[in-house]
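Colleague: First the structure, which I've put down as structure tokens, then a few questions once you've had a look.
The values are calculated or read from the model by the stated rules, or taken from the named source; none is laboratory data. Being a predicted model, the structure only gives us computed values, none of them experimental. Because the Cβ atoms are built from the backbone with ideal geometry, glycine has one as well, and the counts that use them run over all protein chains shown.
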Amino acid sequence: MEEITPKRSNKKEIIIFILLVLSVSANFFFLVKLNSNVVSNEENFNLIVPSGKEIIIDSDMETDWIIHYEGLKRLLEEEIGKYNGTGKVGFFIQDIKTGAWLGINEKEEFAPASLLKIPIMMSALKKVERGEITLKDEVMITKNDFDPLYGSLHREGEIKISILQLLKKMIISSDNTAKNAIVRQLSDTDIDSVFVHIGIKDPFLTNQENVISPRDYIRIFKSLYYSTYLSRDLSEFALDLTTDTSEESLISKGVPSEIQVAHKFGVAGEEELHDCGIVYHHKNPYFICVMTKSLGFEKSKELIVNLSKKVYDFVNV
């Protein structure tokens with residue numbers, strides 16, 4: 001009987017089949033590894049929720065979600081009434097998990113002052129993201145940048161300093177000289193793009209006095225929290241700077257010291273004092289913004305602390 005030997009083409013088909021199986025297996029392994037790395041990286045974000053997935057969770061704790069703020073408004077209005085004689089107060093709060101919100105004069109407009117240092121920071125970081133500048137780049141401080149009203153950088157004279165250090169001084173110490181140096185690196189379009197993205201008018205481009213409302217301003221912190229304007233790493237970086245500000249006697253003082261707060265304060269002359277940001281309550285994190293005018297600095301400061309405490313106590317029940 002004649003011996004039957006496999007044809008050469010059959011051998012080729014077998015080899016090709018084996019290679020295909022190995023290729024599919026390798027790709028599957030790569031995808032699994034890639035996805036696991038993405039999850040691992042996302043777990044390193046403590047201040048943002050880039051994908052809409054709640055990162056502040058506790059699977060062992062039943063959470064009473066905030067679906068409304070019934071009863072809180074009356075408490076806040078009573079507190080405001082103690083201080084608000086001839087002045088003006090704007091207030092806005094929104095629960096991050098459910099979107100429930102409460103406002104008191106939340107559409108009233110105030111002079112934002114140093115609150116606008118947040119969108120300036122975002123504009124600079126956007127240029128970093130696009131590769132147009134780096135955080136290591138150095139900027140020469142000029143006499144035109146000097147502003148002694150807030151911060152101490154002006155005392156160091158005309159020096160070179162990195163963009164990273166300028167951002168830190170501008171946000172952490174609210175340094176005006178650092179802000180002026182950063183703004184020189186930006187165009188009007190760079191700054192305006194932040195406001196276009198979040199959908200509010202650009203206070204820098206108005207013909208009248210720069211103004212913004214508490215409800216509108218919170219959109220800026222929302223864009224950082226959800227990482228809609230900047231990359232995840234840069235959104236986290238930006239919010240991290242705001243958790244370490246030199247002014248912790250406003251919203252932060254109204255919550256326990258172990259609760260992290262990302263925020264920015266603003267002072268417009270002797271008339272207006274504001275503080276806005278995110279309170280990272282372990283069960284119900286929330287956005288909050290308080291703006292005041294013509295109450296007197298000390299009264300404004302005390303009121304912001306008291307309003308912050310009443311909100312926290314309500315949420316913490």
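Colleague: Residue by residue through segment 206-227, note down the ones that are at pLDDT below 95 and either of a type in the set (Phe, Trp, Tyr) or more than 24 Å from Asp175 (Cβ to Cβ) (or both).
Modeller: Thr206, Asn207, Gln208
Colleague: Need at least 2 residues that are within 25 Å of Glu108 (Cα to Cα) per element, so show me which helices (runs of 4 or more DSSP H) inside segment 210-317 make the cut, counting only ones lying wholly within it.
Modeller: Working: elements: 214-225, 232-242, 297-316.
Those helices (runs of 4 or more DSSP H) span 214-225, 297-316.
Colleague: Name the residue, out of Lys136, Lys160, that is surrounded by fewer than 14 Cβ atoms within 10 Å (Cβ to Cβ), in contact with a Ser or Thr (Cβ under 7 Å, 6 or more places away or on another chain) and at pLDDT 95 or above.
Modeller: It is Lys136.
Colleague: Go through segment 267-293 and give me each residue that's modelled with pLDDT of 95 or more and in contact with a Ser or Thr (Cβ under 6 Å, 6 or more places away or on another chain).
Modeller: Matches in segment 267-293: Leu273, Thr292.
Colleague: Please specify each residue of segment 229-245 satisfying the condition of being under 17 Å from Lys126 (Cα atoms) and modelled with pLDDT under 95.
Modeller: none
Colleague: Would you check which residues across segment 211-236 are surrounded by fewer than 17 Cβ atoms within 10 Å (Cβ to Cβ) and of a type in the set (S, T, N, Q) and list them?
Modeller: Thr228, Ser231
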